[in-house]
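Below is one structure, written out as structure tokens; the observations come after it.
The values are calculated or read from the model by the stated rules, or taken from the named source; none is laboratory data. Model, not experiment: these values are computed from the prediction. Here the Cβ is made from the backbone with ideal geometry for all residues, glycine too, and neighbour counts use every protein chain on show.
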Amino acid sequence: MGQGRLVYCKNGDVAAELAALGDRPAQVTGGPHHYIGTFLQWSEDQPVLLLSFNRHSGSHRTARARARTLHWGPRRNPLLGPFAKLRMFLTTAARILAFRPSWVLCAASGPPLWACYAAARMLGVPFVHTRHGRFGGGSRRWNRQLETWLDGWVILHAHAVICHGPYLREQLLALGVPRARLLEFNLSYRYLDAHRAPREAPSDAGGRTVLFVGRLQKAKGVFDLLEAMLPRLQADPRLRLVYAGGGPDLARLRERAAAAPCARQIEVPGYVPHDRVPTLVREARVVVTPTRAELPESRCKAAIESLVLGRPVIAPDAGPFPYVVRHGDNGLLFREHDVADLARQIGAALDDEALYARLLEGARRAGAELLDSSFNFRDALEAAYARSALALPAPQTR
């Protein structure tokens, strides 16, 4: 890539991520820092400004990169919400304009996205959007609908749009993004290769453990899973339910698990280091990802990693999951928000050995297919940079 000054605006805590990685990180494979690590590798020696909003503010600076995590906390008074969003917009735009970049990449939505686009237009530089979450949310509130419309308008005016996986690709095509400007990437899961086991007999696979891996919050379906599993746990003292992860509902989940009659069979250890997750998956009979519709899931990494590791997945029949989990082949799909159907599918995976043998073999095949990606996030960055550099002024849309 040529000489330039680059902006990357994203969700999360960029100051903490830069402090953890440094501005020239070694190969980042998987884990929570994958995207920012890949961006820093790809940007080589270019000056970089990283921006994000979080509940905690912070900053970190290295020889070529500066990161600012700006405060965005919950507002007790809803009347202050519009003013807080205006502040987000103005703060983001001001920092980008002061940095004077030659290229702007934004992975956020709402005011930071609008500010990135506005600043890029004011400076006359390319603007690229990278999408990692579901577009829109189906809210009926007029202000949320307006924000979704503004997000869509900005995305349609981006010089290039990067997205993760086929579900987001279809959403963006439906929005009206031209195929010529859309770059779909997938992640490589080669970092899990050492943890993949040879072909197993169903009797050797995972014993009687049902596993959840991910952020512990209601929208991830953690309480739905507990409700679905309680009758099974009480009926089978050999059965275990394990939740691996941290999150805002960790304490509440622990309280409910401790109050259950089968509390000894439920484990909620909290945060688990990423390098320990493969062992937990390999020890499970099945992995459940019961995400609810209110969470804008786009490409459930826990489901894909589980398949790569050879474990069947039980997931809802909506959103990105049917693109990965094939019902009756490498996993089972349940009707979204239907706890009774979730319980039935878990029961089938536990009780039907012939079915489980097929699922295990299907997961092994799917894992081999998902292991590598011919076009990854770094490839998408390179292609977006090349395309957007030739695309000024901003393209017209229909």
* Asked: Is it fair to say residue 282 is surrounded by 16 or more Cβ atoms within 10 Å (Cβ to Cβ), of a type in the set (Lys, Arg), in the same structural domain as residue 232 (by TED's automatic domain parsing) and in contact with a Leu (Cβ under 7 Å, 6 or more places away or on another chain)?
  -> yes
* Asked: Within region 160-181, can you find the residues that are more than 13 Å from residue 133 (Cβ to Cβ) and either touching a residue at least 24 places away in the same chain (Cβ under 8 Å) or surrounded by fewer than 19 Cβ atoms within 10 Å (Cβ to Cβ) (or both)?
  -> 160, 161, 166, 170, 173, 174, 175, 176, 178, 179, 180, 181
* Asked: Is region 298-315 home to any residue that is touching a Lys or Arg at 6+ places or on another chain (Cβ under 9 Å) and either over 28 Å from residue 194 (Cα atoms) or free of Cβ contacts under 8 Å to residues at least 12 places away in the same chain (or both)?
  -> no
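Matching residues to (1) among the basic types (Lys, Arg); (2) outside the structural domain of residue 17 (by TED's automatic domain parsing); (3) surrounded by fewer than 16 Cβ atoms within 10 Å (Cβ to Cβ); (4) under 14 Å from residue 8 (Cβ atoms):
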residue: 43; (1), (2), (3), (4): no, no, no, yes
residue: 89; (1), (2), (3), (4): no, no, no, no
residue: 115; (1), (2), (3), (4): no, no, no, yes
residue: 124; (1), (2), (3), (4): no, no, yes, no
residue: 148; (1), (2), (3), (4): no, no, no, no
* helices (runs of 4 or more DSSP H) wholly in region 309-398 with at least 1 residues that are more than 22 Å from residue 177 (Cβ to Cβ) - which ones? -> 339-351, 353-370
* Taking region 52-84 as the region of interest, how many residues are farther than 15 Å from residue 8 by Cα, at pLDDT 90 or above and touching a Gly at 6+ places or on another chain (Cβ under 8 Å)? -> 1
* May I ask you to verify whether residue 233 is part of a helix (DSSP H, G or I), over 26 Å from the mean Cα position of the chain (by Cα) and either acidic (Asp, Glu) or not assigned by TED's automatic domain parsing to the domain that holds residue 130 (or both)? => yes
* Asked: Given the residues 49, 97, which is the only one that is buried (at least 19 other Cβ atoms within 10 Å of the Cβ), more than 21 Å from the chain's Cα centre (by Cα) and at pLDDT 95 or above?
  -> 49
* Structure fact -> Over region 318-339, the set of residues touching a residue at least 60 places away in the same chain (Cβ under 8 Å) and surrounded by fewer than 23 Cβ atoms within 10 Å (Cβ to Cβ) is 319, 323, 337, 339
* Structure fact -> When residue 91 is run through (1) assigned to a helix (DSSP H, G or I); (2) within 30 Å of residue 319 (Cβ to Cβ); (3) among the hydroxyl-bearing types (Ser, Thr, Tyr), the failure sits at (2)
* **Search result, residues across region 262-283 that are more than 22 Å from residue 252 (Cβ to Cβ) and in contact with a helix residue (DSSP H, G or I) (Cβ under 8 Å, 6 or more places away or on another chain)** => 277, 278, 279, 281, 282
* **Unmet criterion (only one of (1) touching a residue at least 24 places away in the same chain (Cβ under 8 Å); (2) basic (Lys, Arg); (3) outside any loop (DSSP other than H, G, I, E, B)) for residue 144** => (1)
* Within region 316-337, track down each residue that is touching a Gly at 6+ places or on another chain (Cβ under 7 Å) and more than 23 Å from residue 373 (Cα to Cα). => none
